[in-house]
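First the structure, in the form of structure tokens, and then the observations on it.
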Amino acid sequence: MEPILKIKNLKKNYHDMKDEIMAIENVEFTVYPHEFISIVGPSGCGKSTLLSILSGLDQKSGGTITFQQQNPKIGYMLQKDSLFPWRTIFENCCIGLELNHNLNDETKERVNRLLKTYGLIEFKDKYPDSLSGGMRQRVALIRTLATDPDLLLLDEPFSALDYQTRLALSDDVYHIIKKEGKTAIMVTHDLGEAISLSDRIIVMTRRPAKVKKIYDIKLTNASTPINNRKCKEFSIYYDQIWRDLDVHL
Ligand code: ADP
Ligand code: MG
């Protein structure tokens with residue numbers, strides 16, 4: 001299968017008044033269609049920087065990013081849902097389409113279908129503050145999917161939520177992404193989340209970020225993310241990746 005994205009020798013430096021901070025030194029990996037990839041690494045190593053470069057919001061300092069497709073559509077979802085409080089759920093879901101000048105009867109129908117399929121249609125005309133944190137993140141995902149992106153970038157999408165909501169929502173998001181046939185790259189600091197959701201996990205080094213290891217996650221009797229936590233390989237991956245991260249206080 002042809003990769004949809006190849007990243008080679010990616011570099012990123014930030015400049016402030018006096019110093020140059022090297023955030024990404026040499027990142028290389030490939031993404032295949034329909035993969036769910038997680039990126040884990042020490043705090044501050046350059047994970048968010050990587051996603052914002054892939055999204056096109058930030059610029060690389062060197063290296064190459066090659067998409068198989070000419071003008072790929074990229075969906076970007078952040079930790080905070082960043083829904084606009086003065087817009088209804090439906091209007092929030094249409095923001096990306098408006099920005100792309102692509103809001104029409106057909107794309108509005110797509111938003112309606114997504115809201116219906118994922119249990120939010122009855123909240124369509126409500127405002128974000130009437131929804132729980134978990135539901136707001138689900139709306140944020142639907143907003144991201146509304147533009148029919150070729151690649152989804154998720155930056156710690158569950159980390160602002162309490163533990164149980166996070167487990168339930170990660171299951172939910174996984175199923176939505178699979179059902180919609182999307183390819184996703186997710187940054188997370190939660191190893192359990194990474195192992196239970198991913199086809200592959202990319203472990204980064206401390207800043208400046210390089211790829212330290214890539215794991216192919218193979219779980220016996222893999223099913224839903226919540227159940228995947230009970231597979232016998234789960235704790236083996238957990239221990240290995242924990243050691244790779246080399247966390248100390
Ligand atoms: P992570 O998401 O892995 O925790 P980030 O990608 O947010 O890390 O940041 C990587 C490094 O780059 C950090 O040292 C951070 O301080 C620095 N950095 C991030 N964004 C900027 C910026 N806009 N200007 C200067 N330095 C930045
Ligand atoms: Mg980050």
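So residue 60 ticks every box in (1) within 15 Å of ligand 1 (Cβ to nearest atom); (2) on the phi > 0 side of the Ramachandran plot; (3) not small (Gly, Ala, Ser) but one. Which box is left unticked?
(2)
Filter segment 26-57 for residues that are away from ligand 2 (no atom under 14 Å from the Cβ) and modelled with pLDDT of 95 or more and give the result.
27, 28, 29, 30, 31, 32, 33, 34, 35, 36, 37
Considering 194, 168, 160, which residue is assigned to a loop (DSSP other than H, G, I, E, B), small (Gly, Ala, Ser) and in contact (Cβ under 8 Å) with a residue 12 or more places away in the chain?
Details: 194 fails: assigned to a loop (DSSP other than H, G, I, E, B); 168 fails: assigned to a loop (DSSP other than H, G, I, E, B).
When all the criteria are applied, what remains is 160.
Determine which single condition residue 6 fails, assuming it passes every other condition in (1) assigned to a strand (DSSP E or B); (2) at pLDDT below 95.
(2)
Restricting attention to segment 189-216, which residues are under 14 Å from the mean Cα position of the chain (by Cα), surrounded by fewer than 24 Cβ atoms within 10 Å (Cβ to Cβ) and closer than 14 Å to residue 158 by Cα?
Scanning segment 189-216 gives 189, 190, 193.
Mind checking which residues of segment 1-37 are among the aliphatic types (A, V, I, L, M), more than 17 Å from the chain's Cα centre (by Cα) and away from ligand 1 (no atom under 16 Å from the Cβ)?
Selection gives 1 alone.
Quick grid of which residues meet (1) buried (at least 21 other Cβ atoms within 10 Å of the Cβ); (2) touching a His at 6+ places or on another chain (Cβ under 7 Å); (3) more than 18 Å from residue 176 (Cβ to Cβ):
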position	(1), (2), (3)
96	yes, no, no
106	no, no, yes
113	no, no, no
116	no, no, no
123	no, no, no
131	no, no, no
137	yes, no, no
144	yes, no, no
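Counting only residues that are within 16 Å of ligand 2 (Cβ to nearest atom) and not hydrophobic (A, V, I, L, M, F, W, C), which one in segment 106-159 is farthest from residue 68 (Cα to Cα)?
Ranking the candidates gives 159 first.
Select from segment 102-117 the residues that are of a type in the set (S, T, N, Q) and outside any helix (DSSP H, G or I) and list them in ascending order.
Of everything in segment 102-117, those that are of a type in the set (S, T, N, Q) and outside any helix (DSSP H, G or I) turn out to be 102, 104.
The values are calculated or read from the model by the stated rules, or taken from the named source; none is laboratory data. Given the structure is predicted, the values throughout are model-derived calculations rather than measurements. Because the Cβ atoms are built from the backbone with ideal geometry, glycine has one as well, and the counts that use them run over all protein chains shown.
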